[in-house]
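The block underneath contains the structure these notes are about, expressed in structure tokens.
The values are calculated or read from the model by the stated rules, or taken from the named source; none is laboratory data. If you're wondering where the values come from, they're calculated on a predicted model, not measured in any experiment. Note that we place each Cβ from the backbone using ideal geometry, even for glycine, and neighbour counts take in every protein chain shown. Calculation scope for accessible area: heavy atoms of the full protein, side chains included, ligands and nucleic acids excluded. Shrake-Rupley method; radii C 1.70, N 1.55, O 1.52, S 1.80 Å.
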Amino acid sequence: MGLPDASEDLSSEMEVDAFRRLFPLRYFERHLSESIRPDARPLGRARDTTLALGAVASAHGSALAKIGSTTMLAAIKMEVMTPSTESPDEGSIAIDFHMPPICSPIVRPGRPAEAAPVISKQLSDTISRQVKSFLCYPFLLNSGMINLKELSLVSGKAAWMAYLDIYCLDADGALFDAALLSAVAAFSHLQIPIVSLNDDGKIELISEEDDGAKLEVEPVNKEKRKLTLSSIPFSLTCILHKNYILADPTAEEESIMETAVTVVLDSSSRLVSFYKPGGPVLAHTSAVQDCVALTRQRVKELQNILDETLSGMEID
Amino acid sequence: MAAQGGAAPSTYTPTPTKKTQRSPFFSDSDVDWLRPDGRGFHQCRPACGFTFNLLGCCDLIVFTYAGMFSLSLLSSCAFFSVLYSYMKGFFRTGAVNSAAGSAYAEFGNTKVIVSVFGPRESKKAMVYSDVGRLNCNVSYTTFANPARGLGSDNKEFSSMLHKALEGAIMLETFPKTTVDVFALVLESGGSDLPVVISCASLALADAGIMMYDLVAGVSVSCLGRNLIIDPILEEESFQDGSMMITCMPSRYEVTQLTITGEWSTAKLNEAMQLCLDACSKLDKIMRACLEEAASASQD
């Protein structure tokens with residue numbers, strides 16, 4: 001069984017499914033040598049991607065992203081907080097990524113998946129990167145997707161805290177890519193409620209109906225219902241295996257070939273972040289460049305999908 | 001700042017300026033009252049037509065699961081069969097590819113996904129058992145309720161789901177192994193538990209787990225002198241009593257019956273009949289959903 005040649009001899013006699021299970025690596029390598037993947041994709045192509053906005057009525061902004069079977073549901077709830085003394089006119093964003101037991105056979109209740117906190121951290125770093133001002137490259141400083149100042153309500157007194165929760169509903173590889181896409185789409189869908197400041201210094205909702213009819217209370221954020229998203233980040237995960245680069249891997253591919261590279265570029269193709277968390281394959285600079293080139297193509301696709309989804313929503 | 005989970009500043013959800021003085025649902029002359037979604041008192045949320053495209057599916061299954069018109073019970077009650085667009089609901093199997101079986105249900109704003117894994121090895125080192133084990137878990141997302149929650153497991157519902165299903169499953173067909181039924185309530189819109197139970201029995205069927213029959217669940221709220229079937233969240237918060245029945249309609253057997261609050265015997269009988277009628281209608285929809293899935297996979 002363990003002999004590398006055993007698979008060679010058996011491959012002609014065995015059924016395809018049995019071969020796939022017993023010698024998964026050989027099975028994949030055979031495909032790769034023909035420049036095709038078992039799901040009939042060329043190596044550099046990502047799976048079909050769809051977006052739907054407003055899936056959760058109880059949230060202020062929500063989106064459902066699907067890349068192949070990988071499904072992510074992101075929802076934003078806005079709450080009010082007292083801003084810190086260091087930044088009295090800035091709101092905040094709290095990002096949490098969840099992998100409930102429904103999403104994959106390897107997650108069990110009470111034992112959170114190992115990948116979840118890692119992806120949570122990556123998402124926070126990518127989306128609310130502006131906070132980390134010790135990254136002193138000037139272009140990084142102003143490339144944050146969200147200007148936290150837009151989340152301010154009353155300087156020093158009240159600001160929005162945007163809770164972004166992303167649930168993985170189906171885990172089939174490239175989780176970070178799908179999570180980031182759903183997060184970005186949820187922020188584009190976000191509609192901030194109109195609020196006012198009452199005498200006790202508390203923020204209260206103004207209901208949509210009596211807005212305009214009689215304004216006995218002055219709304220504090222009349223002009224700020226939508227966030228301005230500058231330089232939206234998109235990502236692509238690639239698997240490195242020998243000299244092959246596989247874009248947008250499935251869960252099966254990720255489990256067999258372990259070296260993953262995730263590139264995040266913004267809409268003007270600037271590099272936001274680059275993750276290569278170890279792995280047995282060492283990347284040549286050429287492979288790194290190839291990954292970035294693949295991501296650049298993918299960013300265009302994703303930008304189009306997001307734009308189409310947003311314009312589709314405006315028509316409705 | 002954002003990434004520091006533990007040190008997050010305390011926040012609150014802004015509440016409406018004027019506490020809208022909500023009139024009590026029923027006064028003495030309460031027959032003119034309309035449900036917030038325009039349904040009749042004895043009308044379930046319809047499972048019909050075009051589906052909200054939550055899971056990127058476009059199968060248009062047309063069912064009408066409305067019209068429980070027992071006019072004799074509430075003679076002067078005006079029934080409005082206006083089906084508002086947001087009141088559409090449906091079942092679909094095969095929502096999660098990585099699970100052995102799964103189902104998605106959407107009734108009004110109640111949105112639920114159930115995944116079934118197994119039969120597989122029991123993770124807990126348990127003693128030998130010649131019947132299979134059923135393991136159930138129900139959890140909520142942080143955004144399921146109007147106020148942001150913690151998204152924790154719901155122990156009570158987990159146990160109720162287990163008890164509602166265990167009588168319907170042929171546990172002896174998978175000895176020594178465990179079947180896991182995990183439910184996630186994406187959004188809570190009232191009558192969550194019956195929807196979870198119905199959806200779970202569909203997911204079990206989708207996974208090919210042997211059952212005596214599908215389990216359909218329906219709840220009824222008692223508000224004053226009136227019975228309201230399939231209550232939404234707002235109605236549940238005003239109820240005087242509630243009843244939930246989960247049953248196997250083809251065998252006419254009840255797997256679970258819970259009653260809370262104040263009931264008279266006459267009301268109980270009436271409510272039970274309403275629930276059982278609705279269950280058998282729900283069962284037809286669930287079966288049609290399975291048939292649809294089976295014929296789609298044959299093509």
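Structure notes:
- One equal scatterer on each Cα of segment A:223-316, no solvent, Debye formula: the resulting log10 I(q)/I(0) at q = 0.12, 0.21, 0.23 Å⁻¹ is -0.46, -1.01, -1.13.
- Reducing segment B:230-292 and segment B:100-149 to their Cα centroids gives an inter-centroid distance of 21 Å.
- Using the Karplus relation 6.51 cos²θ - 1.76 cosθ + 1.60 with θ = phi - 60°, the per-residue 3J(HN,Hα) values for segment B:150-160 come to 8, x, 8, 5, 9, 4, 5, 5, 4, 5, 5 Hz, with x marking Gly and Pro.
- Mean per-residue shielding of peptide B:140-146 is 6, counting Cβ atoms of other chains within 10 Å of each Cβ.
- Only Lys, Arg (+1) and Asp, Glu (-1) charged, at Cβ; segment B:125-210 dipole about Cα centre in debye: 140
- Shielding of A:62-68 by partner chains, average beta-carbon count, 10 Å: 2
- Over chain A: Kirkwood hydrodynamic radius from C-alpha pairwise inverse distances, Å: 21.6
- Considering only Cα atoms, the convex hull volume of segment B:159-251 works out to 101 Å³ per residue.
- Calculated from the alpha-carbon coordinates, segment B:58-298 shows an Rg and a Dmax of 18.0, 60 Å respectively.
- Summed over the residues of segment B:58-298 and divided among them, the accessible surface reaches 42 Å² per residue at a probe radius of 1.4 Å.
- Buried accessible area, chains B and A (both chains, 1.4 Å probe, Å² to nearest 100): 4200
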